[in-house]
Amino acid sequence: MLPELTDGVLVLDSEMAGDPDHNGVFLLTGSRPALVESGVGLAGERVAEALTALGIGPGDLAAIVVTHVHLDHAGGAGELARRFPSATVMVHPSGAKHLVDPSRLEASARQVHGPLMDTVYGHMTPIPADRIRVLADGDTVDLGERQLTALHTPGHAPHHVAVLDTSDGTLFTGDAAGVRLPEMRTPRPSTPPPSFSAADSRASLDRMAALAPARLVLTHFGVVTEPLPYLADLTDRLGRWCAAAEKAVADGQDAAALEAELLRLFGAEEGLPLENPARFASTGGYSANAAGLHLWATRQLT
Ligand SMILES: [Zn+2]
């Protein structure tokens, strides 16, 4: 049996890059079962088999909600939609075109990830437009026993949606509330290129805190049982990350120097083994974060 995260929510671990407990796909069980997130393209088959093993047949899955179209969240949506033809894929209005035609997204991801596209991420299967529902801010999704509310939560990416299960106050935060792997002591902001916005990210963190959710479910990875202290800590850290980035740019330092400074300031206290780089950098790593933050700070100061 798969682990139950919270009432009726199972985690299907996509084991991205062969590494467990860092990239979640969440099954909301019930009369109209739904997924939040879809994992990477390479995990599509693995996730489909896990659903089948749970007795969810091809016609049973009602929805696949992706928080945003980064490949670790939406990469598997097309393959899952193909295997579960009754499922509606739900996404922010600005993300929909990338699910219908993933070619631009894949090309830009290949520039960033290179050969990892074939070994870690995998191909995105295009999704017919009539299988997609775009989620406006505040839209609700009826899953029978559960009602979901979509919340536009930009910052990590402009097309980001968090999902509140109003039946029990669980808030699925995608990447809008950063990353905390189970063995980490502190939250880590997630500030990748090309579109990270600090102001939007802070506003989204404030908005999520104002909802007073009962718990958070982070895609990377798992349940946060004390949402408000977590969000406050993350907001504080994000402010310090941004200050470090503005100083680095003002001093003429590049993204690599900023990465080293962030690691010095924050890396060790996270409690992840720095000597295990695969785990330390498994998702939302410092290299991508420093690149996105440096780009943001450069835009601020020019
Ligand atoms: Zn992301």
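Somewhere in region 67-88, is a residue open to solvent by less than 10 Å² (accessible area, probe 1.4 Å), under 14 Å from Ile132 (Cα atoms), touching a residue at least 40 places away in the same chain (Cβ under 8 Å) and of a type in the set (Ser, Thr, Tyr)?
Yes, because at least one residue in region 67-88 is open to solvent by less than 10 Å² (accessible area, probe 1.4 Å), under 14 Å from Ile132 (Cα atoms), touching a residue at least 40 places away in the same chain (Cβ under 8 Å) and of a type in the set (Ser, Thr, Tyr).
Before we move on, is His156 of a type outside the set (Ser, Thr, Tyr), touching a residue at least 24 places away in the same chain (Cβ under 8 Å), under 20 Å from Gly39 (Cα atoms) and in contact with an Asp or Glu (Cβ under 6 Å, 6 or more places away or on another chain)? Write out each step before concluding.
Values: of a type outside the set (Ser, Thr, Tyr): yes; touching a residue at least 24 places away in the same chain (Cβ under 8 Å): yes; under 20 Å from Gly39 (Cα atoms): yes; in contact with an Asp or Glu (Cβ under 6 Å, 6 or more places away or on another chain): yes.
Judged against the criteria, His156 is a match.
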Worksheet item: Could you list, in sequence order, the residues of region 182-197 that are away from the ligand (no atom under 12 Å from the Cβ) and out of contact with any Leu (no Cβ under 7 Å at 6 or more places or on another chain)?
Response: Pro182, Arg185, Thr186, Arg188, Ser197
Fill in: Selected residue (criterion: farthest from the ligand (Cβ to nearest atom)) from residues of region 153-164 that are farther than 24 Å from Leu272 by Cα and either in a loop (DSSP other than H, G, I, E, B) or open to solvent by 10 Å² or more (accessible area, probe 1.4 Å) (or both)
Leu164
Practice prompt. Evaluate region 130-140: report whether one residue or more is within 13 Å of the ligand (Cβ to nearest atom) and not acidic (Asp, Glu).
Written response: no
Worksheet item: When you go through (1) out of contact with any helix residue (DSSP H, G or I) (no Cβ under 9 Å at 6 or more places or on another chain); (2) on the phi < 0 side of the Ramachandran plot one by one for Gly222, which number turns out not to apply?
Response: (2)
Fill in: Scope region 3-49; condition of a type in the set (D, E, K, R), open to solvent by less than 60 Å² (accessible area, probe 1.4 Å) and modelled with pLDDT of 95 or more; matching residues
Glu37
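Restricting attention to strands (runs of 3 or more DSSP E) lying wholly within region 1-76, give those where 1 or more residues are away from the ligand (no atom under 16 Å from the Cβ) and acidic (Asp, Glu).
Qualifying strands (runs of 3 or more DSSP E): 4-6, 9-13.
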Discussion item. Here is a check on your reading of the model: is Ala150 modelled with pLDDT of 95 or more, of a type outside the set (S, T, N, Q) and either part of a helix (DSSP H, G or I) or surrounded by fewer than 19 Cβ atoms within 10 Å (Cβ to Cβ) (or both)?
Written reply: no
Worksheet, complete the sentence: By residue number, the members of region 157-187 that are within 14 Å of the chain's Cα centre (by Cα) and among the β-branched types (Val, Ile, Thr) are Val161, Val163, Thr173, Val179
Practice prompt. Please state which one of Asp200, Asp233 is of a type in the set (Asp, Glu) and away from the ligand (no atom under 16 Å from the Cβ).
Written response: Asp233
Item to complete: May I ask you to verify whether Phe172 is among the aromatic types (Phe, Trp, Tyr) and away from the ligand (no atom under 16 Å from the Cβ)?
Response: no
Fill in: Residue ID - farthest from Gly76 (Cα to Cα), chosen from residues in region 106-129 that are open to solvent by less than 30 Å² (accessible area, probe 1.4 Å) and hydrophobic (A, V, I, L, M, F, W, C)
Ala109
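The values are calculated or read from the model by the stated rules, or taken from the named source; none is laboratory data. The shown structure was predicted, so the numbers you read here are calculated from the model rather than taken from an experiment. Every residue, glycine as well, gets a Cβ built from its backbone with ideal geometry; the counts of neighbours run over all protein chains shown. Ligands, DNA and RNA are stripped out before the accessible areas are found, and what is left, the full protein with its side chains, is counted by its heavy atoms. Shrake-Rupley method; radii C 1.70, N 1.55, O 1.52, S 1.80 Å.
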